[in-house]
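Coordinate-derived values only; no laboratory data. This is a predicted model, so every value here is computed, not measured. Here Cβ is always computed from backbone atoms with ideal geometry, including for glycine, and neighbour counts include all displayed protein chains.
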There are 2 protein chains.
Amino acid sequence: MYKLLNDLSIIEVSSFVASPTIGLYCAQLGAEVIRVDHKAGGLDYDRYLLTREGRSLSWENLNRGKKSVALDLQSGEGRELLVELARKTGQVVTNLPEKSFLSHAAMSEDRPDLVSVRIMGWHDGRQAMDFTVNAASGYPLMCGPEEWNPLTAPPVNQVLPAWDFITGAYGAFALLAALRHRDATGEGSEVRIPLGDVAIGTMANSGAMAEMLYRGSDRERLGNAIWGAFGRDFRTRNGVRFMVAALTPKQWTGLVAAFGVESEVAALEEELGVRFADGDTPRFVNRHRLFDVFQQAADSFDWSALSARMSWQGCTYERYRTMHEAANDPQLVTNNPLFGPSPANPSGFEYPATRSFANLPEKEVGEPRPAPYLGQHSEEVLAERLGLSSGDIGRLVDAGTVALCDK
Amino acid sequence: MYKLLNDLSIIEVSSFVASPTIGLYCAQLGAEVIRVDHKAGGLDYDRYLLTREGRSLSWENLNRGKKSVALDLQSGEGRELLVELARKTGQVVTNLPEKSFLSHAAMSEDRPDLVSVRIMGWHDGRQAMDFTVNAASGYPLMCGPEEWNPLTAPPVNQVLPAWDFITGAYGAFALLAALRHRDATGEGSEVRIPLGDVAIGTMANSGAMAEMLYRGSDRERLGNAIWGAFGRDFRTRNGVRFMVAALTPKQWTGLVAAFGVESEVAALEEELGVRFADGDTPRFVNRHRLFDVFQQAADSFDWSALSARMSWQGCTYERYRTMHEAANDPQLVTNNPLFGPSPANPSGFEYPATRSFANLPEKEVGEPRPAPYLGQHSEEVLAERLGLSSGDIGRLVDAGTVALCDK
């Protein structure tokens with residue numbers, strides 16, 4: 001944990017993926033992130049996969065390094081405690097609806113400089129989740145094998161909840177932008193980020209929306225080929241599948257050399273009257289002919305030989321791994337400084353834990369921290385933030401308004 | 001454009017997607033983002049789709065609202081000008097390699113408080129792109145139809161460059177975190193963000209890595225079903241495909257009511273000895289039986305009727321659109337305040353332009369701005385930042401070190 005944000009405390013009232021990710025990224029850069037949940041656990045407290053003892057491996061990874069306060073959020077008193085924590089702290093991340101007890105208006109009463117970041121579904125208030133905004137975005141009908149009939153091909157959902165994670169990272173950015181503005185002006189901000197806008201807006205930012213409008217129709221299905229450039233998955237003689245990308249001049253010449261297809265490529269250039277070194281366009285336009293040449297070459301190599309040749313030429317390539325292989329890959333995990341030793345996870349299960357994606361060569365990195373038990377910090381936070389005595393807290397616990405550690 | 005970051009100037013030396021996205025998000029929140037390119041355009045200047053006049057629709061969307069300076073970055077003098085711009089400005093975003101003229105060490109000479117954010121391939125310096133880190137992550141071998149044989153099923157690449165966009169948003173966050181740290185302490189930061197770490201780290205943060213290690217094998221292929229909860233794509237009598245998700249109690253009861261399958265679900269509960277209202281687990285475990293019930297009901301509805309019923313019940317669902325449909329959908333685009341009127345794009349093509357994903361109800365939103373022409377701001381920036389006279393700049397232009405607007 002780098003200490004870039006160690007002057008910052010954040011109240012997080014979150015569930016699922018996007019909103020907890022904001023707090024996770026902030027906690028990994030040193031912020032104090034206080035997650036406040038309903039005392040029985042939020043909607044995501046039992047998200048798959050559960051260990052045999054019932055601990056969610058999803059929850060314990062998305063909430064690493066945070067503190068946990070557990071309140072009865074169905075009671076007026078519990079809700080008041082939460083709103084008071086928000087006011088006292090000054091910055092809040094949530095995915096609760098604006099029309100709830102945790103509205104910006106409620107939290108900013110007597111605290112006009114409050115900054116709230118609220119993850120929404122659609123901009124108009126309709127509910128949405130990663131899976132549903134993805135359906136609307138157009139991407140699922142562009143994925144899958146090239147040979148599928150476009151009229152009958154099914155959508156292909158992505159297993160990665162990409163919109164959630166883009167929204168989470170963007171939410172962390174928007175939070176710091178609003179705090180920077182407050183530091184400069186004293187002004188608070190109510191920031192809303194609709195998951196649906198992240199999806200349709202990313203489609204537009206990538207240029208794809210302009211492309212669709214410009215061509216007046218859908219793009220052809222490309223299978224695993226890269227749009228507008230040279231790249232695809234290939235397969236070696238011994239059945240290893242890998243992805244290669246050749247966009248820069250160096251990537252292209254290196255790839256031709258690694259596959260040993262100089263003469264085939266030259267013959268194709270002669271036949272087609274093009275020069276593939278000219279850039280993405282001739283390589284993309286004639287990709288099917290080139291794919292045949294490269295796949296034929298791949299058929300004559302085992303993976304060990306071809307990967308050595310590609311590495312030697314500095315090619316940009318990667319073998320497809322199953323996720324279980326990836327999780328056990330020393331290059332990706334155990335020998336990667338992104339991961340640190342297992343902290344004492346609530347599940348009791350030990351495995352490498354992530355640090356921040358950002359690495360700062362000159363700064364002390366620290367070790368990854370575990371997720372909290374639910375309510376583990378209820379007493380500490382209520383005492384420090386709201387000045388409650390241990391007697392006050394005891395009464396709140398007895399009344400069922402506050403819950404303590406669920407270890 | 002909200003003015004949250006209007007006290008901030010950033011030098012961006014970028015290509016492709018992740019790195020330009022950092023500058024895009026900052027520009028959309030009011031920062032002055034000065035993109036500096038080689039005078040012939042960077043590696044991404046001709047990224048597909050190109051208009052008939054040769055303008056990249058990808059480039060003009062990823063570089064909206066930025067300024068452009070064009071220099072001969074193959075010459076020592078051009079490189080010195082860029083390093084000097086970086087030093088004078090104090091914050092830099094780039095995806096050039098650390099071992100280049102734009103190293104952190106070079107830029108921070110005489111400017112120890114410089115903040116640089118550098119997007120890398122893999123943490124160990126090997127090149128990588130979205131397509132290749134995706135292959136390593138495990139996700140492509142989890143996507144695609146459930147009925148595919150896991151031993152022979154091909155990988156399915158995602159068309160969305162999700163790792164690039166997560167990295168871009170995270171990079172914008174990390175930049176502001178380092179600037180906040182500098183504001184508090186005066187210290188600069190060298191921040192490196194490997195695209196590969198974002199991929200493997202996101203897989204871990206989602207809980208999937210722990211899951212793979214805990215179960216000691218890969219997860220079964222789920223097709224379009226949601227992992228660990230109830231949701232999948234269905235199809236109406238008139239052939240409309242849509243995605244539904246039912247994770248919360250309200251989503252589940254609403255969905256059962258909308259499909260009118262109360263009695264079928266009750267009969268299934270009786271047969272299986274479970275209560276589906278208990279949560280995700282019984283619904284996920286018995287999903288195939290439930291999918292049959294729901295698909296059979298969908299077969300008896302046209303889309304207009306079923307979608308009306310789902311809306312009435314507040315279900316979380318969305319129709320699959322092709323991307324061309326999405327780009328022309330009034331609800332997603334023209335009636336969505338995320339989009340503003342077309343500015344004067346370099347391509348001359350007019351289409352709705354995105355604002356920031358963040359919307360701030362109480363603040364002035366402003367209109368989207370166009371991407372610059374290459375070199376459009378060379379004179380302005382060199383004069384303002386480096387104090388060069390028009391004579392100096394004229395000589396640099398004559399020498400080919402500086403290029404002006406490529407309109």
- request: Could you run the Debye sum over the Cα atoms of segment B:64-217, one equal point scatterer each and no solvent, and tell me log10 of I(q)/I(0) at q = 0.14 Å⁻¹, two decimals?
  value: -0.81
message: To check my understanding: the extent here is largest minus smallest coordinate of the Cα atoms along each principal axis. What are those three numbers for segment A:202-312, in Å, largest first?
response: 44, 31, 21
- prompt: Hey, got the average number of other protein chain Cβ atoms within 10 angstrom for residues in A:118-126?
  reply: 3
message: Explain nothing, just the number: relative contact order of chain B, from Cα pairs under 8 Å at least 6 residues apart, as a whole percent.
response: 19 percent
query: Size of segment B:282-368 along its principal axes in angstrom, Cα-based, largest extent first?
result: 54, 30, 24
message: Which three numbers, in whole Å and largest first, are the semi-axes of the equivalent ellipsoid of segment A:1-40 derived from its Cα gyration tensor as √(5λ)?
response: 20, 11, 6
query: Going by a ≥ b ≥ c, the root eigenvalues of the Cα gyration tensor, does chain B fall in the rounded group (a/c under 1.5), the prolate group (a/b larger than b/c) or the oblate group?
result: prolate
query: Out of segment A:15-104, which GluC sites (Glu not before Pro) are coil in DSSP terms and have no more than 13 other C-beta atoms within 10 Å?
result: A:Glu53
query: Which Cα, out of B:Asn6, B:Asn157, B:Gly54, lies furthest along the positive dipole direction of the protein assembly as shown (beta carbon charges, K/R +1, D/E -1)?
result: B:Asn157
- line: Expressed in nanometres to one decimal, the distance between label points 7 Å along Cα→Cβ at B:Ser300 and B:Glu98 is 6.4 nm
field: Net charge contributed by nearby residues that have their C-beta within less than 12 Å of A:Val265 (K/R +1, D/E -1)
entry: -3
statement: By the C-alpha gyration tensor axes a ≥ b ≥ c (rounded if a/c is under 1.5, else prolate when a/b exceeds b/c, else oblate), the shape of segment A:279-319 is oblate
Built amide H within the under 5 Å cut-off of B:Asp44, gap 5+: B:Phe16
message: I want to check the label-to-label distance for A:Trp148 and A:Arg235. Put each point 7 Å from Cα in the C-beta direction and report it in nm to one decimal.
response: 1.8 nm
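Taking neighbour Cβ counts within 10 Å as the exposure measure, how do B:Ile393, A:Ile166, B:Ile10 sort from fewest upward?
By the 10 Å Cβ count, ascending: B:Ile393, B:Ile10, A:Ile166.
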Peptide A:350-356, shielding by other chains (average Cβ, 10 Å cutoff): 5
message: Taking B:Gly260 in one copy and the same position in all the others, each labelled 7 Å out along Cα→Cβ, what are the pairwise distances from the first, in nm, shortest first?
response: 6.7
- line: With +1 on the Cβ of every Lys and Arg and -1 on the Cβ of every Asp and Glu, the dipole magnitude of segment A:1-88 about its Cα centre, in debye rounded to the nearest 20, is 240 debye
message: Full-extension gain between A:Ala184 and A:Glu84, please, as 0.36 nm times their residue separation minus the C-alpha to C-alpha distance.
response: 33.5 nm
Per-residue average of Cβ from other chains inside 10 Å of B:192-200: 6
- request: Enumerate the residues in segment B:141-164 having an amide nitrogen under 11 Å from the point lying 7 Å beyond the Cα of B:His288 toward its Cβ.
  value: B:147
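For Cα pairs less than 8 Å apart in space and 6+ apart in sequence, what is the mean separation divided by the residue count of segment A:51-136, i.e. the relative contact order in percent?
Reported relative contact order: 20 percent.
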- prompt: Nm distances between the label at A:Asp113 and the same-position labels in the remaining copies, 7 Å along Cα→Cβ, shortest first?
  reply: 2.1
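Over its Cα atoms, what ratio of radius of gyration to 2.2 N^0.38 Å does segment B:325-407 give?
Scaled against compact globular proteins, the figure is 1.56.
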- request: Would you mind giving the average projected area, over all directions, of the Cα convex hull of segment A:180-219 in nm² with one decimal?
  value: 4.2 nm²
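Viscosity 0.890 mPa s, temperature 25 °C: what is the translational diffusion coefficient of the protein assembly as shown from Stokes-Einstein with a Kirkwood Rh over Cα pairs, rounded to a whole number of µm²/s?
My calculation gives 90 µm²/s for D.
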Segment B:26-80 pair-distance distribution - Cα-Cα, 5 Å bins, rounded %: 4, 18, 23, 22, 18, 12, 3, 0
query: Quick one: Cα centre-to-centre distance for segment B:29-85 and segment A:134-207, in angstrom?
result: 24 Å
query: Ratio of Rg to Rh for segment A:39-115, alpha carbon only, Kirkwood?
result: 1.03
Point-to-point label distance, B:Glu109-B:Glu367, nm (Cα→Cβ direction, 7 Å offset): 4.5 nm
task: Which order do the peptides B:307-315, B:13-21 take when ranked by the mean count of other beta-carbon atoms within 10 Å per residue, highest first?
output: B:13-21, B:307-315
- prompt: For chain A, what is the mean residue ellipticity at 222 nm derived from helices alone (per DSSP H run of n ≥ 4: -39500 (n - 2.57); sum divided by total residues; nearest 500 deg cm²/dmol)?
  reply: -11500 deg cm²/dmol
statement: A correct fewest-to-most ranking of A:Ser58, B:Ser389 by other Cβ atoms within 10 Å would be B:Ser389, A:Ser58
query: Which whole-Hz couplings ³J(HN,Hα) result when phi for each residue of segment A:219-231 is put into the Karplus expression 6.51 cos²θ - 1.76 cosθ + 1.60, θ = phi - 60°, listed in order with x for Gly and Pro?
result: 6, 5, 6, 10, x, 8, 6, 7, 5, x, 8, 9, x
task: Average the reciprocal distances over every distinct pair of alpha-carbons in segment B:154-240, invert the result, and give the Kirkwood radius in Å.
output: 16.8 Å
- prompt: In the P(r) worked out for segment A:1-146, what percent of Cα pairs fall beyond 25 Å?
  reply: 35 percent
task: Can you list the distances in nanometres, one decimal and ascending, from the B:Glu187 label point to the identical position in each other copy, with the point 7 Å along Cα to Cβ?
output: 3.2
query: Sorting A:Phe357, B:Phe131 on the 10 Å Cβ count, fewest up front, what's the list?
result: B:Phe131, A:Phe357
statement: Checking rank on A:211-218, B:40-47, with mean other Cβ inside 10 Å and highest first, the result is B:40-47, A:211-218
query: Please report, for the Cα atoms of segment B:228-268, the Rg to one decimal and the Dmax as a whole number; what are they, in angstrom?
result: 11.0, 29
